[in-house]
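Comments concern the structure below.
The values are calculated or read from the model by the stated rules, or taken from the named source; none is laboratory data. Just so it is clear, the model here is predicted, and its values are computed rather than measured. Every residue, glycine as well, gets a Cβ built from its backbone with ideal geometry; the counts of neighbours run over all protein chains shown. The protein model used for the area step is the full one, side chains on, heavy atoms only, and it has no ligands, DNA or RNA in it. Shrake-Rupley method; radii C 1.70, N 1.55, O 1.52, S 1.80 Å.
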Amino acid sequence: MNQTNITILAIESSCDDTSVAVINNGKVLSNLVAGQQVHEHYGGVVPELASRAHQQNILPLVDVALKKAGISPAQLSAVAFTAGPGLIGSLMVGCSFAKGLALSLNIPLITVHHMQAHILAHFIDDPKPEFPFLCLTVSGGHTQLVKLTNYFEHEVIGKTIDDAAGEAFDKAAKILGLPYPGGPLIDQYAKGGNPLAYDFPISNMPNLDYSFSGLKTSFLYFIQKQIALNPNFINENLNDICASIQHAIIKQLMKKLILAAKQTTIKQVALAGGVSANSALRLALENEGKKRGWKTFIPDFQYCTDNAGMIAMAAHYKYLAGDFATQETAPFAR
Ligand code: KG4
Ligand code: ZN
C-alpha cells in the first residue's frame, strides 16, 4: 500500500442524508451532502423513501465530489463507507456502491462505524484533541458519553436508556407542529425566548446514563393543558416554549458530562453528532469549560450533522492501521 499519498473516497448513507467526501493525506478536499426533503411531509424518516433517494443521489454526488477535489477515480487509494449503525436499506445503497467502485478500480474497501466517525470528525480541523478525551456524542439516534484513549478505543461510559437527545428535540418540535427535523428550528426559535419561562423536569438516572422519554411526556401534557386553556398558546409563546425545552435538554446533557469529567479527571472535553450544531449547547460547553478549566472542542457545523467528511477521516486512520474489509466480508451493518 502507498502510505505516502493516501486518497480515499468516502460514502455516508446511514439515514436520510447522502454524502460523499474525498480526503487526501488526512485533508478533506470535498464534502458534499444531499439532504432528503421528502421526509418533512411525513414528520420523520421513511426508510423506504430514504433508500430510494440515496440511489438517486449517490452517483451524481460521487461525480461532483471527485471533480471538486480535483481527483480522478484512478488516483483513489481506497473506498470507504458507513457500515452501521443505521437504516439497513439506506446502508445497503452506500455499501453496494462502494463495493462496486472498489472492485472496478481494484482498490481496498474500508468499513466505518458511524458513531466512531462522528467523534473522529474532531481530527479534520485544528485544534485537535489529545488522548485521552471525553466526547458527548449527541445525534438523532444516539446519546453517549465516550472516553477515547486512541483513535479506535472508544469506551461508552454513559448512554441514554430510551430516547436520544436529537429525538427529544424532534419530538418536542412535532408536538409544537414544526416540520421534521425540528431540532434546528427549536434552536432558531429559542434564540428569541426565555429559557426559564417554563420549568420541565430533569431525569434522575443513576451513574452517567440519560433518559429523555419522561421529559417528552411531561412536555406533551404541558402543551395539551395550555392549549385547552388558550388555543393560541403555542403561537403566542413559541420562543419561550422552545427556549425552555431546549434548556431542559441541555441541562441534562451538561449535568452528566460534568459528572463524567469529574469521575475520569479528564479535562479535554468535546461535543459530536447532529445536536452539537445546537447553538445553546455549544455555548454551554464553552462556558462550562471556562469555569472548570477544560479545553473544549466543537466541530465545524458541516462536520456535526451527518457527513462523509467524518467517514473519510475515520477511514484515513483505518488505512494507516491497515484495517481493510474484503468484498466478501464487508457488512451492511454491524
Ligand atoms: O448526527 P445526525 O445528523 O444524524 C444521526 O446520526 O442521527 O443528527 C441528527 C439530529 C436530529 O435529531 C436533528 O434534529 C438534530 O440532530 N439537530 C439539532 C440541531 N441540528 C441538528 N438539534 C438541536 N439543534 C440543532 N441546531
Ligand atoms: Zn449521525
**Report entry** region 193-334 - charge dipole about Cα centre, Lys and Arg +1 at Cβ, Asp and Glu -1, debye rounded to 20
**Finding:** 560
Query raised in the report: When the Kirkwood hydrodynamic radius is evaluated over all pairs of different C-alpha atoms of region 182-254, what value in angstrom, to one decimal, is obtained?
Result: 12.8
Query raised in the report: Rg and Dmax of region 285-333, using alpha carbons, in Å: what are they?
Result: 16.7, 51
Report summary line: Evaluated at 25 °C and 0.890 mPa s, the Stokes-Einstein D of region 189-314 based on the Kirkwood radius over Cα pairs, in µm²/s, stands at 150
Report summary line: P(r) of region 1-125 over all Cα-Cα pairs, 5 Å bins starting at 0, rounded to whole percent, reads 2, 12, 21, 24, 21, 12, 5, 2, 1, 0
Query - Average Cα contact separation per residue, the chain, under 8 Å, 6 or more apart, as relative contact order % - result: 25
Query raised in the report: Once Lys and Arg get +1 and Asp and Glu get -1 on their Cβ, which of Gln263, Leu87, Ile23 lies farthest toward the positive end of the dipole of the chain?
Result: Gln263
Report task. Quick one: Debye curve from the alpha-carbon atoms of the chain only, equal weights, vacuum; give me log10 I(q)/I(0) at q = 0.07, 0.12 Å⁻¹ to two decimals. Result -> -0.29, -0.83
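Quick check on my link table: of Lys159/Lys291; Lys68/Lys159; Lys67/Lys318; Lys174/Lys256; Lys225/Lys262; Lys171/Lys318, which ones sit more than 31 Å apart, alpha carbon to alpha carbon? The partial results should precede the final answer.
On the way: Lys159/Lys291 25 Å; Lys68/Lys159 38 Å; Lys67/Lys318 24 Å; Lys174/Lys256 26 Å; Lys225/Lys262 40 Å; Lys171/Lys318 36 Å.
Table pairs above 31 Å Cα-Cα are Lys68/Lys159; Lys225/Lys262; Lys171/Lys318.
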**Report entry** Fraction of accessible area attributable to carbon and sulfur, the chain (%, probe 1.4 Å)
**Finding:** 53
Report summary line: Dividing the alpha-carbon radius of gyration of region 86-187 by 2.2 N^0.38 Å, where N counts its residues, gives 1.34
Query raised in the report: Which of the peptides 122-133, 169-180 is most tightly packed, and how do the rest follow, judged by the mean count of other Cβ atoms within 10 Å per residue?
Result: 169-180, 122-133
